[in-house]
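The structure appears right after this line, and notes come after that.
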Amino acid sequence: MEQSQYIHIGIFLITVPNLIVIGLMLLVFAVAVIVKLPQEHSTQTTTQPAEPQTSPATPVQPPNP
């Protein structure tokens, strides 16, 4: 079984594969923060909302005493 190479920086000792995984995780996080997702409210403000379809109101009967 082959051992991984270690990088020693100050008090930190880390293997190269672990450093690559950490770097990829930071890259994914940075992309997630930078990329803006499509916003739905920008399209809804330009159009009028549809009127809700309701049935005619039924007269309310007072309760029998």
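The values are calculated or read from the model by the stated rules, or taken from the named source; none is laboratory data. Every value quoted in this text rests on a predicted model; they were computed, and no experiment measured them. Don't worry about glycine lacking a Cβ; one is built from the backbone with ideal geometry, like all the others, and counts go over all protein chains shown.
Taking the stretch 22-65 as the range and being modelled with pLDDT of 80 or more, among the β-branched types (Val, Ile, Thr) and out of contact with any strand residue (DSSP E or B) (no Cβ under 9 Å at 6 or more places or on another chain) as the test, the residues that pass are VAL28, VAL31, VAL33, ILE34, VAL35.
Any idea which of LEU13, LEU19 is aliphatic (A, V, I, L, M), surrounded by 10 or more Cβ atoms within 10 Å (Cβ to Cβ) and modelled with pLDDT of 90 or more?
Criteria check complete, one pass: LEU19.
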